[in-house]
1. What pairs come out if I take residues in segment 43-54 that are within 24 Å of Glu16 (Cβ to Cβ) and touching a residue at least 12 places away in the same chain (Cβ under 8 Å) and pair them with residues that are assigned to a helix (DSSP H, G or I) and of a type outside the set (A, V, I, L, M) whose C-beta lies under 8 Å away, six or more apart or interchain?
2. Scan Ala145, Ala119, Ala131, Ala96 and give me the residue that is open to solvent by less than 50 Å² (accessible area, probe 1.4 Å) and at pLDDT below 95.
3. List every residue pair whose Cβ atoms sit under 7 Å apart, with the two residues 6 or more apart in sequence or on different chains, where the first one lies in segment 106-131 and is closer than 17 Å to Val78 by Cα and the second, anywhere, is assigned to a loop (DSSP other than H, G, I, E, B).
4. Being part of a helix (DSSP H, G or I), in contact with a strand residue (DSSP E or B) (Cβ under 8 Å, 6 or more places away or on another chain) and open to solvent by less than 50 Å² (accessible area, probe 1.4 Å) is the filter here; which residues of segment 99-116 pass it?
5. Quick one: in segment 60-93, of everything that is assigned to a helix (DSSP H, G or I) and within 12 Å of the chain's Cα centre (by Cα), which residue is surrounded by the most Cβ atoms within 10 Å (Cβ to Cβ)?
6. Can you tell me which residue within segment 1-46, out of those that are modelled with pLDDT of 95 or more, aliphatic (A, V, I, L, M) and not in a helix (DSSP H, G or I), is surrounded by the most Cβ atoms within 10 Å (Cβ to Cβ)?
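The values are calculated or read from the model by the stated rules, or taken from the named source; none is laboratory data. Quick caveat, the model's predicted, so the values are computed rather than measured. For neighbour counting, all protein chains shown are included, and Cβ atoms are generated from backbone atoms with ideal geometry for every residue, glycine included. Accessible surface areas use protein heavy atoms only, side chains included; no ligands, DNA or RNA. Shrake-Rupley method; radii C 1.70, N 1.55, O 1.52, S 1.80 Å.
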Amino acid sequence: MRLHICAMGRLRGGAERDLIDDYLKRLDRTGRPMGLGPTSEHQLDDRKGGGMEAEAALLDKACPAGAVRVMLDERGEVLSSPEFARKIERWRDTGAQDVAFFIGGADGLSPGLRETGDAAISLGRMVWPHALVRVMLAEQLYRAATILAGSPYHRV
């Protein structure tokens, strides 16, 4: 099952970019034998400044047809790491070919785009900078793969 991170804004270099690259590389090694991956990162820019609706159109276009659509949103469901891993496992085991995770711009995801989601997940009740959300998502995807693989990375 292919994974997609569809995010507004571009991260070029720096600590966040390094962490994302590291976790996605680990995810590829751990997840591929279990049918998770590859992971694609779609970094999108709204160069015309069209606001949330323009961002929604870019995010929607980046999402593969038929993908499970997961909105990262502060109003979403708060999951433990094992619960997140089980969700990914269910999507994989029920035949999903693609799962796309949506990360909006500074104002979040447009209400219309949020309504198209198959799931909404929150990384907690606090609001996080978008670069950190990408790092946290990449780490949680890697952690989910290790949980499903029975690796000791996730200790309870």
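1. Leu44/Glu55; Asp46/Glu55
2. Of Ala145, Ala119, Ala131, Ala96, the one residue that is open to solvent by less than 50 Å² (accessible area, probe 1.4 Å) and at pLDDT below 95 is Ala131.
3. These pairs meet every condition: Ile121/Leu79.
4. If the condition is that a residue be part of a helix (DSSP H, G or I), in contact with a strand residue (DSSP E or B) (Cβ under 8 Å, 6 or more places away or on another chain) and open to solvent by less than 50 Å² (accessible area, probe 1.4 Å), then Leu113 is the only one that fits.
5. Out of the qualifying residues, it is Ile88.
6. Leu3
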